[in-house]
Amino acid sequence: MDLFQLSLFFSISALTLSTTCRSTPQPSCYDDVQKGLSSHLNSSIADEINRLANIPETITWLKKTRREIHQYPELAYEEIKTSKLIRHELDHMGVSYKWPVAHTGVVATIGSGSPPFVALRADMDALPIQEMVEWDYKSKVDGKMHACGHDAHVSMLLGAAKILQELRNTMQGTAVLIFQPAEERGEGAQKMIEEGVLENVEAIFSLHTGYRWPTGTVASRPGELLAGCGAFQAIISGKGGHAALPHDSIDPILAAAATVISLQNIVSRETDPLDSQQVVSVCKIHGGSAFNIIPESVTIAGTFRAFTKKSFNALKHRIQEVITGQAAVHRCTAELDFLEEYHPTIPPTFNDERVYEHAVRVSSHIVGKENILTAPSGMGSEDFAFYLDHVPGSLLFVGTRNEKAGSHYPAHSPYYSIDENVLPIGAAIHASFAHSYIQNLISNN
Ligand SMILES: [Zn+2]
Ligand SMILES: [Zn+2]
């Protein structure tokens, strides 16, 4: 959808608050708003949120913020500049926050300061990729790049902070804005949770840029959205010796070869071919030093993914059984490690149906009902799933594809870029979600 038309549409139907009321909201302003809007409070507030997101100065600021972060990408737990920028902007808005949380994370709160609490989340880290996009705001750090849109995620959530802060006196609860580190390592969310960011939170929401869908659309699905992801490594040990005397050795190469084949059989032979939604890939095999020496041990490593928690856990269990079983059958031993320390096992991303429905309602008010799309389930993973293990929530993709803007490359590509017109849309969806979810919780109690 053309953004100019979008903002025009919403500014025509927007709730008109006086400038004084907007910039320094007082309880009396809220009373006036309530009196005039008793029957349409939610949609009028949503219109106002949209209007605030599309103020030209706000759009300029959203782009400037994103470009600043884009030029100085920082990897997991190194988000020093990004974190500082976030705090600087929050200070400027007069929003209070907690820092440091999980090393570089920032957690801001806006609203009444009392329950209900509803959380919004953005991730801050970049990737070890050399940017190949030639543009004025290209990464200034060699070998590092925001190739997953996390620069846009931060900018959109700061945009939501600005909007919610304007409307804070209309909030009967509190929005918790989570800026987390280390999503790409799959660790940040878990660390933030350990430090208590979900305390008393009733629902959580997040947006991810989506290169598959055009700007002005939103895509997601209830239930299983993204796969759970785990890694494994096994050292299969036997007894080394001369290739001419295999009977004096215990051959770990034979055991490893049988193990690799048996691992492939789990998905192909044990799951419904029409509905498997699982994958096991052995991606590394290493052993031996010469053509005529049976080695002492062989290392194999790989990854596994599945959609439901049940199938994910079952798959993990079968991998364990197959590796130890095949090693034993071939008179070897297997030392198995799921590598949690380096590649945390990420659970499947499961969108709570009720929260998803709410997110879709809110988004359709912003992008139009016809621009809400159903996303297919994907084999990628998101550490947002850790939050969803604790509280109901939903992840939505916000479309950024625009051939003219060159934003049609997949995430993690050195050519990845976004259409910056997504920024006010994302800011408005975030703010609208928190505001209206809080309002609904209040009305339902
Ligand atoms: Zn990524
Ligand atoms: Zn990402």
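The values are calculated or read from the model by the stated rules, or taken from the named source; none is laboratory data. Values in this document were obtained by computation on a predicted structure and should not be read as measured data. Here the Cβ is made from the backbone with ideal geometry for all residues, glycine too, and neighbour counts use every protein chain on show.
Would you pick out the residues in the stretch 332-356 that are touching a Phe, Trp or Tyr at 6+ places or on another chain (Cβ under 8 Å), in a strand (DSSP E or B) and farther than 11 Å from Gly228 by Cβ?
Let us first name the residues in the stretch 332-356 that are touching a Phe, Trp or Tyr at 6+ places or on another chain (Cβ under 8 Å), namely 336-339, 345-349, 355.
Next cut, in a strand (DSSP E or B) only: 336-337, 346, 349.
The answer is Leu336, Asp337.
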Among (1) modelled with pLDDT under 95; (2) within 16 Å of ligand 1 (Cβ to nearest atom), the one test that Lys404 misses: (2)
Residue satisfying all of: in the stretch 130-166; more than 14 Å from Gln71 (Cβ to Cβ) and charged (D, E, K, R); nearest to ligand 2 (Cβ to nearest atom) among these: Lys162
Matching entry among Ser268, Ser281 (being small (Gly, Ala, Ser), closer than 26 Å to Ile346 by Cα and either touching a Lys or Arg at 6+ places or on another chain (Cβ under 9 Å) or buried (at least 18 other Cβ atoms within 10 Å of the Cβ) (or both)): Ser281
Options Phe312, Phe304; residue that is part of a helix (DSSP H, G or I), touching a residue at least 24 places away in the same chain (Cβ under 8 Å) and under 26 Å from His343 (Cβ atoms): Phe312
Flag for Glu224 being within 16 Å of ligand 2 (Cβ to nearest atom) and within 15 Å of the chain's Cα centre (by Cα): no
Single residue of the stretch 167-213 satisfying the filter (within 16 Å of ligand 2 (Cβ to nearest atom) and of a type in the set (Gly, Ala, Ser)) that is farthest from Thr345 (Cα to Cα): Gly210
Criterion (out of contact with any Cys (no Cβ under 8 Å at 6 or more places or on another chain) and modelled with pLDDT of 95 or more) met by exactly one of Ala334, Ala306: Ala334
Residues that are surrounded by fewer than 21 Cβ atoms within 10 Å (Cβ to Cβ) and touching a helix residue (DSSP H, G or I) at 6+ places or on another chain (Cβ under 7 Å), drawn from the stretch 174-197: Gln190, Ile193
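Restricting to the stretch 282-301, what's the tally of residues that are in contact with a His (Cβ under 9 Å, 6 or more places away or on another chain), under 18 Å from Ala258 (Cβ atoms) and without any contact (Cβ under 8 Å) to a residue 60 or more places away in the chain?
Residues of the stretch 282-301 in contact with a His (Cβ under 9 Å, 6 or more places away or on another chain): 292-294, 298-301.
Restricting the remaining residues to those that are under 18 Å from Ala258 (Cβ atoms) gives 294, 298-301.
This time we only want the ones that are without any contact (Cβ under 8 Å) to a residue 60 or more places away in the chain, so: 294.
So the answer is 1.
Residues Ile178, Ile163: which one is among the β-branched types (Val, Ile, Thr), in the same structural domain as Glu57 (by TED's automatic domain parsing), closer than 21 Å to Thr60 by Cα and at pLDDT 95 or above?
Details: Ile178 fails: closer than 21 Å to Thr60 by Cα.
After applying the criteria, what remains is Ile163.
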Only listed residue being assigned by TED's automatic domain parsing to the domain that holds Lys138, closer than 26 Å to Arg121 by Cβ, buried (at least 22 other Cβ atoms within 10 Å of the Cβ) and of a type in the set (S, T, N, Q), chosen from Ser394, Ser413, Ser364: Ser394
Where a residue in the stretch 261-281 is within 17 Å of Met379 (Cβ to Cβ) and its partner, wherever it lies, is among the charged types (D, E, K, R), with Cβ under 7 Å and at least six apart: Ile266/Arg318; Gln278/Arg305; Val279/Arg305
Selection count, the stretch 397-410, where residues are buried (at least 18 other Cβ atoms within 10 Å of the Cβ), within 13 Å of ligand 2 (Cβ to nearest atom) and not polar (S, T, N, Q): 2
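With respect to Asp151, determine if the residue is of a type in the set (Asp, Glu), touching a Lys or Arg at 6+ places or on another chain (Cβ under 9 Å) and farther than 30 Å from Pro115 by Cβ. Outline the logic, then answer.
Numbers: of a type in the set (Asp, Glu): yes; touching a Lys or Arg at 6+ places or on another chain (Cβ under 9 Å): yes; farther than 30 Å from Pro115 by Cβ: yes.
Answer is yes for this residue.
For the stretch 177-199, how many residues are of a type outside the set (D, E, K, R) and out of contact with any Lys or Arg (no Cβ under 9 Å at 6 or more places or on another chain)? Give the steps one after another, and end with the answer.
Taking the stretch 177-199 as the starting set, the residues that turn out to be of a type outside the set (D, E, K, R) are 177-182, 186, 188-190, 192-193, 196-198.
Narrowing further to those that are out of contact with any Lys or Arg (no Cβ under 9 Å at 6 or more places or on another chain): 186, 188, 190, 193, 196, 198.
Of the residues in that region, 6 qualify.
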Any hit, the stretch 402-417, residues being outside any loop (DSSP other than H, G, I, E, B), touching a helix residue (DSSP H, G or I) at 6+ places or on another chain (Cβ under 9 Å) and touching a residue at least 40 places away in the same chain (Cβ under 8 Å): no
Every residue from the stretch 23-62 that is surrounded by fewer than 17 Cβ atoms within 10 Å (Cβ to Cβ) and at pLDDT 50 or above: Ser43, Ile55, Pro56, Glu57, Thr60
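In the stretch 94-125, how many are of a type in the set (A, V, I, L, M) and surrounded by fewer than 19 Cβ atoms within 10 Å (Cβ to Cβ)? If you could, list the steps in order and put the result at the bottom.
Restricting attention to the stretch 94-125, the residues satisfying the condition of being of a type in the set (A, V, I, L, M) are 95, 101-102, 106-108, 110, 118-120, 122, 124.
Now narrow it down to the ones that are surrounded by fewer than 19 Cβ atoms within 10 Å (Cβ to Cβ): none.
Here the count works out to 0.
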Test: residue in the stretch 418-430 that is more than 16 Å from ligand 1 (Cβ to nearest atom), surrounded by fewer than 17 Cβ atoms within 10 Å (Cβ to Cβ) and assigned to a helix (DSSP H, G or I): no
Failed item in (1) farther than 20 Å from Asn421 by Cβ; (2) at pLDDT 95 or above; (3) touching a His at 6+ places or on another chain (Cβ under 7 Å), with His70 passing the rest: (1)
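Taking strands (runs of 3 or more DSSP E) that do not extend beyond the stretch 81-175, which have at least 3 residues that are within 16 Å of ligand 1 (Cβ to nearest atom) and in contact with a strand residue (DSSP E or B) (Cβ under 9 Å, 6 or more places away or on another chain)?
Working: elements: 96-101, 105-111, 117-123.
It comes to 117-123.
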